[in-house]
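Notes to accompany the following structure.
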Amino acid sequence: MNSTLLNKKESLSLHRPLGESVLRKLFSTWALVLIWLAMAMVASIISPVFLTSLNITNILNQASILGILACAQFLVVLIGGFDLSVAAILALSSVIFSSVVPVSTGLGMVAGCLAGAALGLLSGLAVTWGLVPPMIATLSVMGIARGLAFVVSEKSVAVPMAKLASFKFSFSVFSLPVLTWLIAAAGLYWLLSSLRFGRNLYAIGGNERAASLAGIGVRSHKIIVYTLAGALSGLAGLMLVVRTSSGVPHVGQGWELDSIAAIVIGGARLFGGEGNILKAMMGVIIYQTIANIMNLASLDPFYQDIVKALVIIIVVGATVMRAEKV
């Protein structure tokens, strides 16, 4: 009799954690989607325009540039670093592309991406061989990129519409910038989930010393990551020109912080070794939706900056507190 009761209690105790773990896993998987749906419900009350196809398309198009920058930022944060140069590289790439397009569109695209990759490589070398802290190294490269952008052109460079005509296509909500963002995110998902290189990045971010002892080339991996982040930032600059038909040397100021906030909303761990690129991209959509709601509510731009700054403080603070508990 007693043994039967004990078996029943053990069975119940085994089933409860299993049920809880399933619910916890489901919530963890769909939490960001549920958050966005809750925001959408509130936003539709504030403005009936929110759920229109035109506005949703607008959110995706605005999120595309930040999304590509967030892909670059995610890679660097994954290995325990920061990249404060992504937005400045975007500006430089946009100016280079706009300046070279009249001569050759293909050459302009290659030049913009190569410039980003070169500056990313510079950051990687400074961090790995120069032993400069990532924040200082990328802050310096940010200054170099922004300065070069003004050297190339002191003012915005307009691109003839005829030169961008082949880029101005759209498959429903999927314009070229949105498609490029989705392809970049899908490519990173494959790299991080299917290749040994991606798994090595998680190991480096989790425990760099242990990764090195395990035979992972930490320096070479970091250099590749910063170079790839620079190339992605350059690609974001190209897509910005496709959207706006001009390259601007001072564009994107503060977007480096937006990219960090977006991936942290998506669950990326600021200290490295943890995160999912798809969730990070959902974080981008949530962050851009916040901006969209404020625009629909006609909130003063200065107040919008305050709200964005508060969002960054909250999400970063929450990440730090979670890391300390662990």
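Sorting check: for 56-69, 206-219, 240-253, which peptide has the highest mean count of neighbouring beta carbons within 10 Å, and how do the rest follow?
Averaged packing, sorted descending, gives the order 56-69, 240-253, 206-219.
Please report the spacing between the Cα centers of the range 82-153 and the range 183-217 in Å, no decimals.
Using only Cα atoms, the two centres lie 24 Å from each other.
Please determine, in degrees from 0 to 90 and to the nearest 10, the orientation of helix 255-265 with respect to the longest principal axis defined by the Cα atoms of the chain, where the helix direction is its Cα long axis.
20 degrees
What nm value, rounded to one decimal, do you get for the distance between Arg196 and Asp305 when each label is placed 7 Å out toward the C-beta?
Each label point is offset 7 Å from its Cα along the Cβ direction, giving 5.0 nm.
Fully extended, how many nm does the chain gain between Ala118 and Ser298 (0.36 nm per residue separation, minus their Cα-Cα distance)?
Values: separation 180, 0.36 × 180 = 64.80 nm, distance 4.07 nm.
Length difference between fully extended and current span is 60.7 nm.
Over the range 185-294, what lengths in whole Å, largest first, do the semi-axes of the equivalent ellipsoid take, defined as the square roots of 5 times the eigenvalues of the alpha-carbon gyration tensor?
Numbers: eigenvalues 164, 59, 31 Å².
That gives 29, 17, 12 Å for the three semi-axes.
Which whole-number percent gives the relative contact order of the chain, counting Cα pairs below 8 Å spaced six or more residues apart?
30 percent
Which Rg and Dmax, in Å, describe the Cα atoms of the range 86-231?
When restricted to the Cα atoms of the range 86-231, Rg and Dmax are 17.8, 55 Å.
Report the calculated FRET efficiency for Leu107 and Met321 (r = Cβ-Cβ distance, R0 = 30 Å), to the nearest 0.05.
The computed FRET efficiency comes out at 0.05.
Quick one: among Leu54, Leu114, Leu179, which has the greatest mean-square fluctuation in a GNM of the chain with alpha-carbon springs under 10 angstrom?
Leu54
Assigning unit charges at the beta carbon (Lys, Arg +1; Asp, Glu -1) and nothing else, what dipole magnitude in debye, to the nearest 20, does the chain show about its Cα centre?
On the way: 20 positive and 11 negative charges, 148 e Å.
It comes to approximately 700 debye.
At 10 °C and a viscosity of 1.306 mPa s, what translational diffusion coefficient does Stokes-Einstein give for the range 39-113, taking Rh as the Kirkwood radius over Cα pairs? Give it in µm²/s as a whole number.
For the chosen part, D equals 105 µm²/s.
Rounded if a/c is under 1.5, else prolate if a/b beats b/c, else oblate: with a ≥ b ≥ c from the C-alpha gyration tensor eigenvalues square-rooted, which is the range 61-155?
prolate
Under a plain spin-label model, where a point goes 7 Å from the Cα along Cα-to-Cβ, how far apart in nm are Val49 and Val132?
Here the modelled spin labels are 4.4 nm apart.
Starting from a Cα-only point model with no solvent, please compute log10 I(q)/I(0) by Debye for the chain at q = 0.10, 0.16 1/Å.
-0.61, -1.39
Could you state the angle between the C-alpha long axis of helix 301-325 and the longest principal axis of the C-alpha atoms of the chain, as a value from 0 to 90 degrees rounded to the nearest 10?
Result, in degrees: 40.
For the chain, what does the helix formula give at 222 nm: sum of -39500 (n - 2.57) over DSSP H segments with n ≥ 4, over the residue count, nearest 500 deg cm²/dmol?
Calculated mean residue ellipticity at 222 nm is -26500 deg cm²/dmol.
To the nearest 10 degrees, how steep is helix 176-194 against the longest Cα principal axis of the chain, on a 0 to 90 scale?
50 degrees
Bear in mind that the values in this text are calculations on the coordinates, not laboratory data. The structure presented is a predicted model; accordingly, all values stated were derived computationally and were not measured. Every residue, glycine among them, receives a Cβ derived from its backbone with ideal geometry; neighbour counts consider all protein chains shown.
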